[in-house]
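The values are calculated or read from the model by the stated rules, or taken from the named source; none is laboratory data. Note that this is a predicted model, so its numbers are computed, not measured. Positions of Cβ are generated from backbone atoms using ideal geometry, with glycine treated the same way; all protein chains shown enter the neighbour counts.
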Amino acid sequence: MRTLITILIFSFLTAFQDRQEKTILNFAKDQTDFEIIQTIKSGAFVNSFANEMLHDRKWDIALKAKKSHSNKNSYDKTVYTRIQMWQFDFETKEKRKQANDLLLNCFPNDCAKIKKHTDQGIKITPSIWIFTDKSIYIAQTACEQVDHKWNEFKREFSDTFADKESEIIVTECGKLTWTTKEKIKNAP
């Protein structure tokens, strides 16, 4: 009987730990290749919908790679990948959809109008946008800071926050693509 009680308590505690709230703050703490730093930017990247105050809760946090890299993206200069993240939580799915509409009418950086599920060329830096029922999760970096860590980061970010129904936008320097969690997971 004592063994059964111990197993039940352990199972309960394990289940409780798995239900830890999905936030970019918890996600950032789990990133072993990065350290948490002060926010990189004031948030101009997300102003197109953030200023409308449709969200109930907003978080932002930044990461900096622990190891530097040098490649053609950095013009062979040594840089540390920096990633800015935001999370917007909405009271209802309708408010989140309103924020999406604002974003589609004024997508960063140049307030470009984009069409849903249409890939297009656009003046933008690398980012990933995940739209769930009541949240929007965003991560962004600079073109010159893209390396293998960014690609691994996008996979983990998508795996953590997206579900099968999530709409996802991935941008590269000058290109916007609508995608899915599965496509990101299986990307080379």
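Observations
- When E52 is tested against (1) more than 26 Å from E144 (Cβ to Cβ); (2) touching an Asp or Glu at 6+ places or on another chain (Cβ under 6 Å), exactly one condition is not met: (2).
- All positions within the stretch 47-63 that are modelled with pLDDT of 85 or more and either under 15 Å from the mean Cα position of the chain (by Cα) or not charged (D, E, K, R) (or both): M53, L54, H55, K58, W59, D60, I61, A62, L63
- Single unsatisfied condition, F90 versus (1) of a type in the set (F, W, Y); (2) over 17 Å from the mean Cα position of the chain (by Cα); (3) farther than 21 Å from F153 by Cβ; (4) at pLDDT 75 or above: (2)
- Options I114, I169, I128: the member that is buried (at least 17 other Cβ atoms within 10 Å of the Cβ), touching a residue at least 60 places away in the same chain (Cβ under 8 Å), within 21 Å of A50 (Cβ to Cβ) and touching a strand residue (DSSP E or B) at 6+ places or on another chain (Cβ under 9 Å): I114
- Residues (in contact (Cβ under 8 Å) with a residue 40 or more places away in the chain and not in a helix (DSSP H, G or I)) located in the stretch 131-154: D133, K134, S135, I136, Y137, I138, A139, Q140, T141, A142, V146, D147
- Enumeration of residues in the stretch 48-80 that are farther than 30 Å from D133 by Cα, among the polar types (S, T, N, Q) and touching a residue at least 40 places away in the same chain (Cβ under 8 Å): N71, N73, S74
- Matching residues, the stretch 172-188, being part of a helix (DSSP H, G or I) and surrounded by fewer than 16 Cβ atoms within 10 Å (Cβ to Cβ): E182, K183, K185
- Of all residue pairs spaced 6 or more apart or on separate chains, those with beta-carbon atoms under 6 Å, a first member in the stretch 85-107 that is within 13 Å of F45 (Cβ to Cβ) and a second member that is acidic (D, E) are W86/D60.
- Residue in the stretch 146-165 that is among the hydroxyl-bearing types (S, T, Y), touching a helix residue (DSSP H, G or I) at 6+ places or on another chain (Cβ under 8 Å) and over 22 Å from S74 (Cα atoms) present: yes
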